[in-house]
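Below you'll find the structure, written out as structure tokens, and then a few comments.
The values are calculated or read from the model by the stated rules, or taken from the named source; none is laboratory data. Because the structure is a prediction, the values reported are computed rather than measured. Ideal geometry is used to build each Cβ from the backbone, glycine not excepted, and the neighbour counts take in all protein chains shown. All accessible areas refer to the heavy atoms of the entire protein, side chains included, with ligands and DNA or RNA removed. Shrake-Rupley method; radii C 1.70, N 1.55, O 1.52, S 1.80 Å.
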Amino acid sequence: MNVNIKSNGTYAVALLSGEIDHHNAKEIREKLDKFIISNQPRELAIDFRDISFMDSSGIGLIMGRYKLISQCGGRLIVKNPREYIKRVLKISGIERLVRIINDRI
Amino acid sequence: MEIINEVKFTMPSLSINESVARAVVSSFLIQADPSVEELSEIRTVVSEAVTNAIVHGYRNISGNIEMTVKLLKNREIYIKIKDKGCGIENIEQAMEPLFTTAPEEERSGLGFSVMQSFTDSLKVKSKSESGTTVVMRKKLKNNE
Ligand SMILES: Nc1ncnc2c1ncn2[C@@H]1O[C@H](COP(=O)(O)OP(=O)(O)OP(=O)(O)O)[C@@H](O)[C@H]1O
Ligand SMILES: [Mg+2]
């Protein structure tokens, strides 16, 4: 599991790679939370382009970061999930809270 | 139930086995040549059920999880995941979307909803103190 965060102080992008399940959600959560708390970005985009697998543990992960960053006055975005991950996201209805967008890849 | 092939194995309730279970089902399914989408869906539902056994079933204890995958006639996949953990008191309530007994651990209560929408049938049998068995079936499309 890899978490690579790039930030200009206001906007940040976290590029994740690997598979998101219960086993490795904790590591991702800790890295993202540490970044959110110490940098208080106005916007954090989590980029899913290199995530090949995600189950409902990923929904919990996104929801949890959404709550934390909202408390810090920021906004969360989900970027570039592949088609099947979009369907997992759809089941959760999370797109009502978090914007899901695609870059041109 | 006409079985063409079958694999059955047991693993201890370690979270690393969530990915092991996905890898086993992926390898087994190669013979049926599923689409990329179908394979993703099956890997996801296996992950949901195995995670539930680890996170909920064997919450304060460790134990074994038994997984059976069968390839049936007419490209139907049968998956059974069984634990001997704490069991589910109220199955109907547990299967409701967003119902979770572990919100503080960032569980979202959507595992059963995912299993339901990515398979053709989902059956849950459970008894308090003696464990839970989840059986899912999914028919693969014909691939020309
Ligand atoms: N194998 C099991 N043993 C005991 N209880 C279970 C088992 N599987 C599910 N449950 C119960 O059913 C509830 C709902 O399960 P479901 O997978 O839908 O959601 P969750 O696991 O709580 O959250 P998520 O899967 O979204 O992370 C669980 O919170 C738990 O109380
Ligand atoms: Mg679950």
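Among the residues of the range A:44-53, is there at least one that is within 16 Å of ligand 2 (Cβ to nearest atom) and farther than 20 Å from B:Glu18 by Cα?
no
Residues in the range B:117-128: is at least one within 13 Å of chain A (Cβ to nearest Cβ), surrounded by fewer than 19 Cβ atoms within 10 Å (Cβ to Cβ) and of a type outside the set (Ser, Thr, Tyr)?
no
Return the residues of the range B:71-95 that are among the aliphatic types (A, V, I, L, M), assigned to a loop (DSSP other than H, G, I, E, B) and either farther than 15 Å from B:Thr51 by Cβ or open to solvent by 50 Å² or more (accessible area, probe 1.4 Å) (or both); say none if nothing qualifies.
B:Met95
Return the total of residues in the range B:96-108 being in a loop (DSSP other than H, G, I, E, B) and either under 21 Å from A:Asn24 (Cα atoms) or within 11 Å of ligand 2 (Cβ to nearest atom) (or both).
Going through the range B:96-108 one residue at a time, the tally reaches 7.
Determine which member of the set B:Leu71, B:Leu110 is within 11 Å of another protein chain (Cβ to nearest Cβ) and either within 29 Å of B:Glu2 (Cα to Cα) or among the hydrophobic types (A, V, I, L, M, F, W, C) (or both).
Of the residues listed, the single one that is within 11 Å of another protein chain (Cβ to nearest Cβ) and either within 29 Å of B:Glu2 (Cα to Cα) or among the hydrophobic types (A, V, I, L, M, F, W, C) (or both) is B:Leu110.
Being near ligand 1 (Cβ under 9 Å from one of its atoms) and of a type in the set (D, E, K, R) is the filter here, so list the residues in the range B:45-76 that pass it.
B:Glu48, B:Arg59, listed by residue number.
How many of the residues making up the range B:109-127 are in a loop (DSSP other than H, G, I, E, B) and near ligand 1 (Cβ under 9 Å from one of its atoms)?
Qualifying residue count for the region: 2.
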